[in-house]
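What follows is a short report on a single structure.
The numbers here are math on the coordinates, done by the rules we state, and not lab data. Quick caveat, the model's predicted, so the values are computed rather than measured. Every residue, glycine as well, gets a Cβ built from its backbone with ideal geometry; the counts of neighbours run over all protein chains shown.
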Amino acid sequence: MEIHQLRYFVAVAEEGGFSSGADREHVSQPSLSQQIQKLEEELNQQLFDRLPRSVVLTEAGRCLLPFARVILTALADGARAVTALEAEVAGRLSVGAIPSIALYILPRLIGRFQQAYPKVSFELFEDTTEKLAQRLEDGTLDVVIASGSAETPNLARFSLGSEPLLLLVPDKHRLAHRKSVKWSELADEKFLLLHDEHSLSISVRQHLTANHLRPELVLRGAQLVTMARMVAAGMGVTVIPHMMAETEFVKGCVAVPFIRPVPTRELTLLRNPLRAESKAAAAFREEAAAAFVTS
């Protein structure tokens with residue numbers, strides 16, 4: 001059953017004849033008649049009684065007509081909806097972000113985005129970069145905000161810049177009131193880190209290795225806020241992103257900058273190049289780039 005066959009069928013039913021139905025659809029009468037005959041053969045039912053001066057719907061034709069109208073109306077509505085999306089930024093956007101970014105950037109970013117584009121609704125996911133990348137590849141996410149420079153050959157990467165990393169220490173720690181700190185001063189410190197699959201943990205461990213440090217790891221966790229409270233309790237020190245220090249105050253902790261060269265983490269936006277980029281996704285990518293530059 002083809003859409004144009006249903007359209008021809010409705011035209012003949014509403015116009016009362018094959019000739020007038022063909023005129024309405026801007027096709028030749030033989031072509032229209034042939035398509036309706038094919039439809040009747042497929043349904044194994046005669047849809048019209050062909051009378052000398054007119055055509056009349058059969059019982060089968062009267063049964064099919066309301067369904068054909070619903071189908072054609074739904075198709076027209078769908079086409080209008082798609083056209084509306086082309087004309088404005090609207091629709092649903094599925095956004096993924098790693099936990100060490102989501103909590104500190106997404107509330108401000110999405111709040112500002114929705115002020116500019118109120119017809120966009122959001123679905124948010126927080127997970128590790130690897131799992132979010134899988135969701136991008138299977139089409140369940142539109143964009144992902146992550147960190148790190150790990151190669152993702154099946155995904156397009158857009159740099160959002162980089163941000164400094166800071167040392168988080170208890171407020172009574174010997175380094176708490178320093179203007180800056182050297183990696184070499186941390187050789188005897190106990191460290192708290194996120195689990196190995198988190199990109200921030202990967203980045204911190206790379207910096208530790210580059211500075212020839214193998215500190216004692218006393219705790220691994222899944223949430224930066226939890227780690228910070230453990231630091232406040234005196235369990236050790238950790239490394240946090242600058243955006244956390246800007247937005248999350250944890251009583252009993254102090255964030256201390258590192259001396260130059262300042263350690264950083266790269267921030268990226270990922271998308272699947274095999275999927276068409278909606279206007280909402282493109283606008284979000286531009287807004288994200290602006291937000292990280294000014295954050």
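Worth pointing out:
- In region 248-267, the qualifying residues are those that are of a type in the set (D, E, K, R) and touching a strand residue (DSSP E or B) at 6+ places or on another chain (Cβ under 8 Å), and the one that is surrounded by the fewest Cβ atoms within 10 Å (Cβ to Cβ) is Glu266.
- When the strands (runs of 3 or more DSSP E) confined to region 35-129 are screened for residues that are within 30 Å of Leu165 (Cβ to Cβ), those reaching at least 1 such residues are found at 91-97, 120-126.
- Top-ranked residue in region 197-245 [being under 27 Å from the mean Cα position of the chain (by Cα), assigned to a helix (DSSP H, G or I) and among the β-branched types (Val, Ile, Thr); ranked as farthest from Phe258 (Cα to Cα)]: Thr226
- Residue within region 179-187 that is more than 17 Å from Ile259 (Cβ to Cβ) and surrounded by 19 or more Cβ atoms within 10 Å (Cβ to Cβ) present: no
- Flag if Leu132 is in contact with a strand residue (DSSP E or B) (Cβ under 8 Å, 6 or more places away or on another chain), part of a strand (DSSP E or B) and in contact (Cβ under 8 Å) with a residue 60 or more places away in the chain: no
- Close contacts from region 195-208, counting a first residue that is of a type in the set (Ser, Thr, Tyr) and a second that is part of a helix (DSSP H, G or I), with Cβ to Cβ under 7 Å and a gap of 6+ residues or different chains, come to Ser199/Thr129.
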